[in-house]
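Working notes for the structure below.
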Amino acid sequence: MSLERFFEEKNCPAVVVAGVFVQAADAHGLDWRLLPSISFIESTGGKAAKNNNLFGWDAGRAEFPSLSAAIHAVAYSLANSRLYKDKDLDEVLETYNPDAEYARKVKSVMKRISPSE
């Protein structure tokens, strides 16, 4: 799996939940590369995650009981929250983090994980 390989090459703790990223994306109709890429930008794939918060969710204040719980919670929110629902990738990323460079950084990681999607 290219996601496992990506996380292994970067020595990211999130390698242990690579399959969970894919399952959550499938369950919520998200690009399978999106959540791993956000986690890489926000916590270097778990290296800087506090309280299992791989995503810097809620300005880093959110706490999750496990990495899997974090992945499922954020996937659910990106697919169903009024803030994100029915938005394209750029709009989702702009809502997630309005910094002008944020979407470019996340999309760059998405391409590094798997160039063609």
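Among (i) 30, 13, 12; (ii) 18, 16, 14; (iii) 21, 19, 12, which one is semi-axes √(5λ) of the Cα gyration tensor in Å computed from these coordinates?
Of the labelled values, this structure produces (ii).
Sorted by mean Cβ packing within 10 Å, highest first, what order do the peptides 93-103, 22-32, 69-79 take?
Details: 93-103: 14.7, 22-32: 16.3, 69-79: 20.2.
Result, highest mean first: 69-79, 22-32, 93-103.
Using a 1.4 angstrom probe on heavy atoms only, work out the carbon and sulfur share of the accessible area of the chain in %.
Working: 2890 of 6260 Å².
Of the solvent-accessible surface of the chain, carbon and sulfur hold 46 percent.
With springs only between Cα atoms under 10 Å, which of F55, F64, F40 fluctuates most in a Gaussian network model of the chain?
Residue with maximal mean-square fluctuation among F55, F64, F40: F64.
Over segment 1-45, average the accessible area per residue using a 1.4 Å probe and give it in Å², no decimals. Walk me through the intermediate numbers first.
Numbers: 1910 Å² over 45 residues.
Here the residues of segment 1-45 average 43 Å² of exposed surface.
In Å², what does the accessible area per residue of segment 65-104 work out to with a 1.4 Å probe? Kindly include the intermediate steps, with their values, before the conclusion.
Working: 2400 Å² over 40 residues.
With all protein chains present, segment 65-104 gives 60 Å² per residue.
Can you list residues from other chains, or at least 5 along the same chain, whose modelled amide H is less than 5 Å from the amide H of N53?
Those qualifying (amide H under 5 Å, at least 5 residues apart or on another chain) are F64.
Convert each backbone phi in segment 93-100 into a coupling constant with the Karplus relation 6.51 cos²θ - 1.76 cosθ + 1.60 (shift: θ = phi - 60°), then list the ³J(HN,Hα) values in order as whole Hz, x for Gly and Pro.
5, 5, 5, 4, 8, x, 4, 4
Show me the trypsin sites (Lys or Arg not before Pro) within segment 1-55 that DSSP assigns to loop and that have at most 10 other Cβ atoms within 10 Å of their Cβ. Could you put the intermediate results ahead of the total?
Values: sites: R5, K10, R33, K47, K50; in loops: K10, R33, K47.
Within segment 1-55, no trypsin sites (Lys or Arg not before Pro) qualify (loop, at most 10 other Cβ atoms within 10 Å).
The values are calculated or read from the model by the stated rules, or taken from the named source; none is laboratory data. None of these values were measured; they are calculated from a predicted model. Note that each Cβ is placed from the backbone with ideal geometry, even for glycine, and that neighbours are counted across all protein chains shown. The protein model used for the area step is the full one, side chains on, heavy atoms only, and it has no ligands, DNA or RNA in it. Shrake-Rupley method; radii C 1.70, N 1.55, O 1.52, S 1.80 Å.
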